[in-house]
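So the structure is just underneath, and the comments pick up after that.
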Amino acid sequence: MTSKITGHLTTAFMGLAFLTIAGFATAVHATPPDNSHNPALPQNNVKGTDYMLHNSVFAEEAGTAVSTMETAIRRCDSAGYRRAENILQTLRSRSGDRAKSFTIVVNRDAEAEDEATINGLIENYNQRWKACESRNLADNGRRAILAGGGFHAGRINVPALAYLGLEQTLTLIQVLSIVKGEDKGTVTGADFSGSVFEPNSNLLFGFGLSRSATSMRSDYTNIDPAGDTLLIPGPLGGASGFALPTAGGLNVVTTANFSSDYAWNTAYAKMGYPFACDEFSFLPFGGLAYTRAEFDAHFDGSIPGYARDFAYSTSLRTNSYSPMIGVDVERKFQRFNLHAGGLLAVDINDTSGHDSLAFTGVADSRVDLSNNDATISGRAWAGVSFGNDASPFKLSLDLSWIHAGNVPKISRDGTNPTTLKLESANAVVGSIGAVIRF
């Protein structure tokens with residue numbers, strides 16, 4: 001089982017790889033001008049910017065304040081930013097006072113220029129701070145309650161189910177699983193979610209409910225063994241199955257039908273710690289999900305040459321408890337936000353059900369199945385939302401890749417009872433959702 005889980009981990013991590021963020025937005029400054037050719041121009045650079053001051057002491061103090069501001073903006077640290085802003089405001093006031101006190105025009109003009117330069121520096125950083133401040137939910141000092149819902153649809157690929165077999169007339173070599181049911185389909189569903197942000201602890205508590213389902217169908221005509229013996233493996237192995245010789249072509253399955261239905265009902269609860277860096281917001285989270293999965297498959301056919309019909313029926317239910325961890329990253333703009341994220345979950349599964357075969361004139365045979373393997377699942381997503389943190393209504397569009405490691409796979413070899421394994425399914429799903437803020 002270890003190698004199996006390792007394989008699932010590799011698949012899940014590959015799906016999550018596209019979540020890597022290219023880089024954080026940082027302040028970009030032009031190269032400070034070289035004013036050494038003209039002593040009348042400011043000669044002292046405010047470190048970390050392209051601003052220049054006449055007063056070397058003020059330039060050094062302003063550079064220290066700028067460094068503190070950069071750190072505060074990355075952390076959305078309101079107290080740290082205000083302390084640094086106060087230093088710049090004090091320097092601005094001191095420059096203004098010195099300009100008024102000087103009688104020499106050159107000195108007065110230099111101090112006035114420094115006052116204007118520091119004022120521009122404050123305004124520039126205040127604009128950057130406002131963008132950070134608007135993202136920081138903790139700064140508004142009140143609890144935020146969100147509720148939303150949405151619909152999703154996409155394509156899913158599940159483990160293929162196979163039926164029937166042949167025994168070659170001359171060599172007696174058996175070839176099983178000659179008919180494969182449809183393993184690709186459209187998956188649709190809906191979800192509801194809610195969350196509460198508690199500013200005192202800076203924690204986000206969330207919960208949600210979702211349902212997804214898919215159905216697949218295949219029809220077949222004239223499954224012809226072409227002179228070989230038709231094998232119909234039984235769920236108990238051995239004598240529970242049937243072998244029909246060609247007898248001049250009498251063992252042709254003239255019509256057959258396959259159907260499979262999958263449904264997933266999930267409830268989850270999670271807790272996250274949101275924080276911001278520059279234009280990016282991060283929400284690392286952990287939680288627990290419970291999923292009730294339902295699986296039903298049927299394959300039936302008619303053999304008029306033998307006046308016989310057969311029907312396979314499989315029904316399984318899986319209860320999964322899934323501890324999970326993940327992160328959501330958001331890049332905020334004025335009118336919309338871009339976001340991406342992913343999660344990994346360990347599925348603790350309890351799968352049980354039965355597999356049966358009905359054959360004309362013979363009592364049905366049936367075997368009970370169970371599997372408790374642990375598996376790995378995950379998902380990754382990216383999308384766009386319209387609105388900001390203060391908006392009462394937000395609309396979002398997302399594209400998700402989903403990997404489930406606990407989808408049933410049934411196998412029959414004609415000798416042993418039916419086996420049940422939990423294997424991988426993958427889906428690509430688009431969704432539309434809305435969130436209301438209270």
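Residues of region 358-383 that are of a type in the set (Ser, Thr, Tyr) and closer than 25 Å to Ser240 by Cβ: Thr360, Ser365, Ser370. Would region 366-374 turn up any residue that is in contact with a Gly (Cβ under 7 Å, 6 or more places away or on another chain), assigned by TED's automatic domain parsing to the domain that holds Ile402 and either part of a strand (DSSP E or B) or surrounded by fewer than 21 Cβ atoms within 10 Å (Cβ to Cβ) (or both)? The answer is yes; a qualifying residue exists. Residue under question is Gly301, and the condition is that it be part of a strand (DSSP E or B), modelled with pLDDT of 95 or more and closer than 30 Å to Thr221 by Cβ; does it hold? Yes, satisfied. crowded, with 18+ Cβ neighbours inside 10 Å, within 30 Å of Pro199 (Cα to Cα) and not hydrophobic (A, V, I, L, M, F, W, C), is that true of Gly286? When the stated conditions are applied, Gly286 does not pass them.
Restricting the first residue to region 180-199 and requiring it to be in the same structural domain as Asn265 (by TED's automatic domain parsing), which pairs with a second residue that is in a loop (DSSP other than H, G, I, E, B) and among the aliphatic types (A, V, I, L, M) meet a Cβ separation below 7 Å and a spacing of at least six or different chains? So the pair list comes out as Lys180/Ala160; Gly181/Ala160; Gly181/Leu161; Asp183/Val158; Asp183/Ala160. Answer yes or no: is there a residue in region 385-395 that is at negative phi, crowded, with 16+ Cβ neighbours inside 10 Å and outside any strand (DSSP E or B). Yes: region 385-395 contains one or more residues that are at negative phi, crowded, with 16+ Cβ neighbours inside 10 Å and outside any strand (DSSP E or B).
The values are calculated or read from the model by the stated rules, or taken from the named source; none is laboratory data. Fair warning: this is a prediction, and the values are worked out from it, not measured in the lab. For neighbour counting, all protein chains shown are included, and Cβ atoms are generated from backbone atoms with ideal geometry for every residue, glycine included.
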